[in-house]
Amino acid sequence: MTPTSPSPLAFIGGGNMASAIIGGLLKQGLPAALIDVVEPYGPQRDKLREQFPGITVLEAPGVALARAGLVVWAVKPQTFKEAALASAPHTARALHLSVAAGIRSDSMATWLGTERIVRAMPNTPALVGQGMTGLYARPGASASDRAQVEAVVATTGAHVWLQRESDLDTVTALSGSGPAYVFYFLEAMREAGIHMGLDAATAQKLAIGTFVGASALAAASDEPPEVLRERVTSKGGTTFAALTSMESAGIKVAFVAAMHAAQVRAKELGDEFGA
């Protein structure tokens, strides 16, 4: 979606992820008048109108959705079916992009009456333009449809295309839920810093800076993480002591098991709330 080829968009759901995409599109020059948002929660509607002057915010799906060339589904899995059935009479000609966890494209195709569907699994760093999104397109989505989705997602960060829809459950576990893992470790590092005598603000600044710097180094390097880790781990040194303690505690094994649990839950959501 670019300013040179504007097309109306509709968002079903106006929460954080929808707001991240809307903000990115507006920064890229898309006119606010081309954006409609369906958001049933009153306070959130007010927040959207205040945050994005000029967009149209609706309480429920209606004929206004018929103008949308692209519909972005940003609803919770448990409310997707109800929202889809209510919107379908107005959106049959649109391309559909879902950012809802778990809900499979077969279910969407049944509810929406179209094969032009792309599923996406973004993550919350999209709010600051640093998101990572996994994408899967049904065969009914054309090359042009995929390009349109890429242009929208590019406003929030990077993306990767997947050949198998089932891989989105893994993406959900790895990068979709991933920011929470990082925040969890940041919380632990801050707590450790406080216990060892630092004030909370200093400990947090050091922890965040370390994650940002290490991630940037990993992104700039052609070497795998294990090699980068080994380079800062002198046998018998401080890093060696810390990593040995983590290994003894089984942290890596537990961490991998936790992501498997997230993957299983993503699949369960599709089973539970699908067609």
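The values are calculated or read from the model by the stated rules, or taken from the named source; none is laboratory data. As the structure is a prediction and not an experimental result, all values here were calculated from the model. When we count neighbours, we look across all protein chains shown, and the Cβ atoms used for this are built from the backbone with ideal geometry, even at glycine.
Summary of computed values
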| read-out | value |
| --- | --- |
| Qualifying residue in the range 117-140 (condition: in a helix (DSSP H, G or I) and more than 30 Å from residue 183 (Cα to Cα)) | no |
| Residue within the range 80-90 that is crowded, with 16+ Cβ neighbours inside 10 Å and either at pLDDT below 95 or in a strand (DSSP E or B) (or both) present | no |
| Residue satisfying all of: in the range 14-45; of a type outside the set (Asp, Glu) and assigned to a loop (DSSP other than H, G, I, E, B); modelled with the lowest pLDDT among these | 28 |
| Single match in 226, 247 (criterion: exposed (fewer than 13 other Cβ atoms within 10 Å of the Cβ), among the acidic types (Asp, Glu), more than 17 Å from residue 170 (Cα to Cα) and within 27 Å of the chain's Cα centre (by Cα)) | 226 |
| Residues (within 13 Å of residue 135 (Cβ to Cβ) and not hydroxyl-bearing (Ser, Thr, Tyr)) located in the range 161-181 | 161, 162, 163, 164, 165, 167, 168, 171, 176 |
| Condition check for residue 160: without any contact (Cβ under 8 Å) to a residue 60 or more places away in the chain, over 25 Å from residue 82 (Cβ atoms) and surrounded by 19 or more Cβ atoms within 10 Å (Cβ to Cβ) | no |
| Qualifying position, being surrounded by fewer than 19 Cβ atoms within 10 Å (Cβ to Cβ), on the phi < 0 side of the Ramachandran plot and among the hydrophobic types (A, V, I, L, M, F, W, C), among 212, 171 | 212 |
| Selection within the range 2-13 - part of a loop (DSSP other than H, G, I, E, B), buried (at least 18 other Cβ atoms within 10 Å of the Cβ) and on the phi < 0 side of the Ramachandran plot | 8 |
| Residue identified as farther than 16 Å from residue 9 by Cβ and surrounded by 15 or more Cβ atoms within 10 Å (Cβ to Cβ) among 165, 150 | 165 |
| Enumeration of residues in the range 46-79 that are over 25 Å from residue 270 (Cα atoms), in a strand (DSSP E or B) and of a type in the set (A, V, I, L, M, F, W, C) | 57, 58 |
| The lone exception for residue 188 - which of (1) among the small types (Gly, Ala, Ser); (2) out of contact with any Asp or Glu (no Cβ under 7 Å at 6 or more places or on another chain); (3) in the same structural domain as residue 40 (by TED's automatic domain parsing) it fails | (3) |
